[in-house]
Amino acid sequence: MMTREDILRELELLPVWQLRVPLPSQVVAELSQVEAEITLPEELKAEGLLVENILTGDILESESVNSEQETLLVELTSDLAVTLEPQAAVPQLFTYIASEDDDWLFVMPDVALPGDEALLLQNICKAIHIKTKPAEISKNPLDVLKNMRPKLLIAMGESTAQAMLQSTAALDDLRGTPKKFQDIALVATYDLAHLLRNSQDKAKAWDDFCVAMQVLQDMSLQNTEL
């Protein structure tokens, strides 16, 4: 006995049903077939291998990497080495003012001293009972030390103290106690411009100069005992 569906099919009245969206399993099968049919050119395969090895750091010798690609690899690694190389420190100019007896050497940033800063330095020198020589400018403090041979260095300003002590500490952490630079006693204090802007720090600066005078006095006592 023919079913209703068979009768409709014979009369060509049965509607044709078609899925508008294929089933997931069918999609996966079709994609797999397409991937199997796609073949990358050998040049693209080799370049892809080269890039992958560079990014992972696993650079291997391979017959698929030709001489041009090896040259590219050398250039890339050379550029990377140059990028990672630490930059050399830029020499900093300093102004050096020595006492007439060469015991003291003031080191400060290389800036022209305005009248008020020059007057403040003059008053400081009077208070510690010294007279100074004309200022000198140099990038290399070692050359200055060879010529002057001071007993005591006064590093004026945070940048000056940090440069001479090779430190990133704040000035308040560097001042207060004597330090050493090339086996020479060093006392850090505020620069002249800072003292003019912040008069409340003048008392701290005077404490620093008292430390410096004590250092020289101790040296003198040691030489006397010898």
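Give the residue, chosen from Ala155, Ala188, Ala212, that is under 19 Å from Ala98 (Cβ atoms), more than 29 Å from the chain's Cα centre (by Cα) and not aromatic (Phe, Trp, Tyr). I'd like the intermediate steps shown before the answer.
Details: Ala155 fails: more than 29 Å from the chain's Cα centre (by Cα); Ala188 fails: more than 29 Å from the chain's Cα centre (by Cα).
So the residue among Ala155, Ala188, Ala212 that is under 19 Å from Ala98 (Cβ atoms), more than 29 Å from the chain's Cα centre (by Cα) and not aromatic (Phe, Trp, Tyr) is Ala212.
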_Sole exception among (1) on the phi > 0 side of the Ramachandran plot; (2) surrounded by fewer than 14 Cβ atoms within 10 Å (Cβ to Cβ) for Thr177, by number_ = (1)
*Taking the range 196-215 on its own, how many of its residues are among the charged types (D, E, K, R), open to solvent by 60 Å² or more (accessible area, probe 1.4 Å) and closer than 23 Å to Gly115 by Cα?*
3
_Pair list, Cβ under 8 Å, 6 or more apart: the range 199-226 residue in contact (Cβ under 8 Å) with a residue 24 or more places away in the chain and under 13 Å from Lys151 (Cα atoms), other residue open to solvent by 80 Å² or more (accessible area, probe 1.4 Å) and charged (D, E, K, R)_ = Leu216/Lys151; Met219/Lys151
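Within the range 128-156, restricting attention to residues that are among the small types (Gly, Ala, Ser) and at pLDDT below 95, which residue is farthest from Phe94 (Cα to Cα)? Talk me through it step by step, then tell me what you get.
Kept after step one, since they are among the small types (Gly, Ala, Ser), are these residues of the range 128-156: 135, 138, 155.
Okay, now just the ones that are also at pLDDT below 95, so 135, 138.
Numbers: Ala135: 10, Ser138: 6 Å.
Only one residue fits best here, namely Ala135.
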*Count of the range 111-133 residues which are under 23 Å from Asn147 (Cα atoms), out of contact with any helix residue (DSSP H, G or I) (no Cβ under 7 Å at 6 or more places or on another chain) and open to solvent by less than 60 Å² (accessible area, probe 1.4 Å)*: 2
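Suppose the filter is out of contact with any helix residue (DSSP H, G or I) (no Cβ under 6 Å at 6 or more places or on another chain), in a loop (DSSP other than H, G, I, E, B) and modelled with pLDDT under 90; does Ala81 pass it? Quick ask: steps written out before the conclusion?
Details: out of contact with any helix residue (DSSP H, G or I) (no Cβ under 6 Å at 6 or more places or on another chain): yes; in a loop (DSSP other than H, G, I, E, B): no; modelled with pLDDT under 90: yes.
It is false that Ala81 is out of contact with any helix residue (DSSP H, G or I) (no Cβ under 6 Å at 6 or more places or on another chain), in a loop (DSSP other than H, G, I, E, B) and modelled with pLDDT under 90.
The values are calculated or read from the model by the stated rules, or taken from the named source; none is laboratory data. In this text the structure is predicted, and so the values were computed from the model without any measurement. With ideal geometry, Cβ positions are generated from the backbone for all residues, glycine too; neighbour counts draw on all protein chains shown. Quick note on the areas: whole protein, heavy atoms, side chains included, nothing else; ligands and nucleic acids left out. Shrake-Rupley method; radii C 1.70, N 1.55, O 1.52, S 1.80 Å.
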